[in-house]
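I have placed the structure first, in the form of structure tokens, so that the comments after it can refer back to it.
The values are calculated or read from the model by the stated rules, or taken from the named source; none is laboratory data. Keep in mind that this is a model prediction, so the values were computed, not measured. No Cβ is skipped: glycine too gets one built from the backbone with ideal geometry, and neighbour counts run over all protein chains shown.
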Amino acid sequence: MNRVNNVLKMHQRDKFAWMIIPSMILGSSFLVNLIVGFLSGVEIYTGGLMSIFIYMFVLGIIVLPQTFPFAISFSIRRTDYFLGTTLHAVTNGFLMAIGLLLLSAIEKATNFWGTGLHFFHLPYLTDGNIVQQFIFNFLTFVLLFFWGFIIGSVFRKFRAVGLFVLTLACLLATTVLTVVIISYDWWDNIANWIVDLTAFELSLWFLPVILCYAVISFVLIRRSTV
């Protein structure tokens, strides 16, 4: 447990990557959209909020090459590194999800910043109650982190060749799946199923994907070299 705590402390020291950069990205995107909303004088629905979710995906990719060799050099076990990194990522996603809830509430309370800007409080994403909104944001953060983390894990284990093979496999699987869907005319059924889902219900489908990503990442890290 002490080694897991050491991994947590290692990540907590890197406030720039985990806190400052995402705050700067989200803040700059919000500021630009706020200025546009003020100058235009019309109600605006923007996708600028996606910037912080995309950063979580990128962070999942870069955190492994940046911290794994350092941790192993201090005799941290691979299992402890994975557990500590996972715990820190989940905690970070928890805090960020709460932050988005607060900003959404502020946006609504200020009549959308007095400019009609819908940046944090968006249709569909905020249709549920506060618990459902939190779960959606939290699971989306965790999903994107582990999506990036598994990419970093593949690179750590198999290097560039592994990423190339993974990309080809994903393209092949997507092509085959598309052909099957077209052949059996499933597009309408799939579209109707997705449309009927709320954001909260959709996020619950993230859970098995997150678990799958986490298990694969763990296996790859256990077998990877420094």
Scan Val180, Val195 and give me the residue that is over 19 Å from the mean Cα position of the chain (by Cα) and either within 30 Å of Asn137 (Cα to Cα) or among the charged types (D, E, K, R) (or both). Val195
Go through (1) in contact with a helix residue (DSSP H, G or I) (Cβ under 7 Å, 6 or more places away or on another chain); (2) modelled with pLDDT of 95 or more; (3) more than 19 Å from Phe146 (Cα to Cα); (4) not hydroxyl-bearing (Ser, Thr, Tyr) for Ile76 and report which single condition fails. (2)
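Rundown of residues vs (1) surrounded by fewer than 18 Cβ atoms within 10 Å (Cβ to Cβ); (2) not small (Gly, Ala, Ser), yes/no style:
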residue: Gly41; (1), (2): yes, no
residue: Val63; (1), (2): no, yes
residue: Pro69; (1), (2): yes, yes
residue: Phe94; (1), (2): yes, yes
residue: Ala97; (1), (2): no, no
residue: Asn129; (1), (2): yes, yes
Can you tell me how many residues in the range 105-133 are in a helix (DSSP H, G or I) and more than 15 Å from Leu49 (Cβ to Cβ)? 5
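Scan the range 123-143 for residues that are of a type outside the set (Ser, Thr, Tyr) and under 18 Å from the mean Cα position of the chain (by Cα) and jot them down.
The answer is Leu125, Gln132, Gln133, Phe134, Ile135, Phe136, Asn137, Phe138, Leu139, Phe141, Val142, Leu143.
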Sole miss for Gly116 among (1) crowded, with 17+ Cβ neighbours inside 10 Å; (2) touching a strand residue (DSSP E or B) at 6+ places or on another chain (Cβ under 9 Å); (3) among the small types (Gly, Ala, Ser) is condition (1)
In this structure, does Ser73 turn out to be of a type outside the set (A, V, I, L, M) and in contact with a Phe, Trp or Tyr (Cβ under 6 Å, 6 or more places away or on another chain)? no
Selection status of Lys15, under 18 Å from the mean Cα position of the chain (by Cα) and at pLDDT below 95: yes
Matching entry among Ile194, Ile182, Ile150 (being of a type outside the set (Asp, Glu) and either under 25 Å from Leu87 (Cα atoms) or in contact (Cβ under 8 Å) with a residue 60 or more places away in the chain (or both)): Ile150
For the range 123-132, does any single residue satisfy the condition of being in contact with a Pro (Cβ under 7 Å, 6 or more places away or on another chain), modelled with pLDDT under 95 and hydrophobic (A, V, I, L, M, F, W, C)? no
Scan the range 183-226 for residues that are exposed (fewer than 11 other Cβ atoms within 10 Å of the Cβ), out of contact with any Pro (no Cβ under 8 Å at 6 or more places or on another chain), hydrophobic (A, V, I, L, M, F, W, C) and within 19 Å of Gly60 (Cα to Cα) and report the count. 0
Contacts under 7 angstrom Cβ, first residue in the range 36-52 being more than 14 Å from Ile25 (Cβ to Cβ) and in contact (Cβ under 8 Å) with a residue 24 or more places away in the chain, partner polar (S, T, N, Q) and part of a loop (DSSP other than H, G, I, E, B), 6 or more apart: Gly37/Thr115; Phe38/Thr115
